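The structure appears below as structure tokens.
Any read-out appearing in this document is the output of simple, stated calculations on the displayed coordinates, not a laboratory observation. Just so it is clear, the model here is predicted, and its values are computed rather than measured. With ideal geometry, Cβ positions are generated from the backbone for all residues, glycine too; neighbour counts draw on all protein chains shown.
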Amino acid sequence: MSKIIFNEHQRRTLEANPNVKTVSDRTIQYTPEFKVKAVNENLQGKGPAQIFAENGFDLTVIGSDKPKETLKRWRKTFRLYGEKGFWEERRGKGSTGRPSTQELSAGKKLEKAEARIKYLEAENELLKKLEALERQAKKRS
């Protein structure tokens, strides 16, 4: 994630750019059309900074390294998936993270709920002990 934090004015300016889909305080989500165009121009020899500047991005706002880093990522996506890689949402695909609740059987859901209850009960006990210690400390003072 970027170390740059966009202020309200910078976010509005970036959102006005037709090549931008959305902007948060730290991230810019670009349109798939811009990604395809930028990669094609880069493969034809245009530099990342030049591509971004010609498409209305102020490099002092987004950061001078952002175009280079971004195009490196986009070239990899283009190499692996082609143009359609920019049109499909792939974040989180293929990860071995926790399964969605839709895929869980009733038994697994119950097991998961029981584990959560056990965790919350332990957390409550810990908080009670902490409060008791704080009360004792106040009595001593």
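Structure notes:
- Any helices (runs of 4 or more DSSP H) falling wholly within the range 7-75 and containing at least 1 residues that are aromatic (Phe, Trp, Tyr) and within 23 Å of GLU88 (Cβ to Cβ): 32-43
- Selection within the range 22-65: residues that are basic (Lys, Arg) and surrounded by 13 or more Cβ atoms within 10 Å (Cβ to Cβ). The member of this set that is nearest to PHE78 (Cα to Cα) is LYS35.
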